[in-house]
Amino acid sequence: MAAEFSAGTTVRVRDGIVAPDLPEHSIAGWTGMITQVSGKKGARKIFIEWDDETLNAMNDDYKQACEDQQLYHLMACLTENDLEVI
């Protein structure tokens, strides 16, 4: 049975995944909690708020790249295929 992605679920980004708007930055292994799920099954967008462990390990280059593009580095929007429930 496949894991269910819903608000409050803790997830990890799968190996090989990069930030959607910053493809030069790997986010593989980052963890956080789902805050919102939108769209139809199979094409859903999963909104994740990064946990303290991920935020503390996040490098300054990523934070600066987010700031430069007016992106919010504390969270991300990914797809079901990018994530695994932990």
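The values are calculated or read from the model by the stated rules, or taken from the named source; none is laboratory data. Owing to the predicted nature of the structure, the values given are computational and were not obtained by experimental measurement. Because the Cβ atoms are built from the backbone with ideal geometry, glycine has one as well, and the counts that use them run over all protein chains shown. Ligands, DNA and RNA are stripped out before the accessible areas are found, and what is left, the full protein with its side chains, is counted by its heavy atoms. Shrake-Rupley method; radii C 1.70, N 1.55, O 1.52, S 1.80 Å.
Computed over the chain, relative contact order equals 34 percent, with contacts defined as Cα pairs under 8 Å that lie 6+ residues apart. Out of Val37, Gly16, Ile27, whose Cα points farthest toward the positive end of the dipole of the range 1-61 (charges: +1 Lys, Arg; -1 Asp, Glu; placed on Cβ)? After comparing all options, I get Val37. Magnitude of the charge dipole for the chain, about its Cα centre and with charges confined to Cβ atoms of Lys, Arg (+1) and Asp, Glu (-1), is about 540 debye. The value obtained for the chain, namely the Cα convex hull volume divided by the number of residues, is 93 Å³ per residue. Ellipticity at 222 nm from helices only: DSSP H runs of n ≥ 4 in the chain, each -39500 (n - 2.57), divided by the residue count, give -4500 deg cm²/dmol.
If Thr54, Thr79 are ordered by their accessible area, calculated over protein heavy atoms with a 1.4 Å probe, which sequence runs from highest to lowest?
Numbers: Thr54 10, Thr79 60 Å².
Solvent-accessible surface, decreasing: Thr79, Thr54.
Distance between the modelled labels on Val85 and Thr10, one decimal in nanometres: 1.4 nm (7 Å Cα→Cβ projection).
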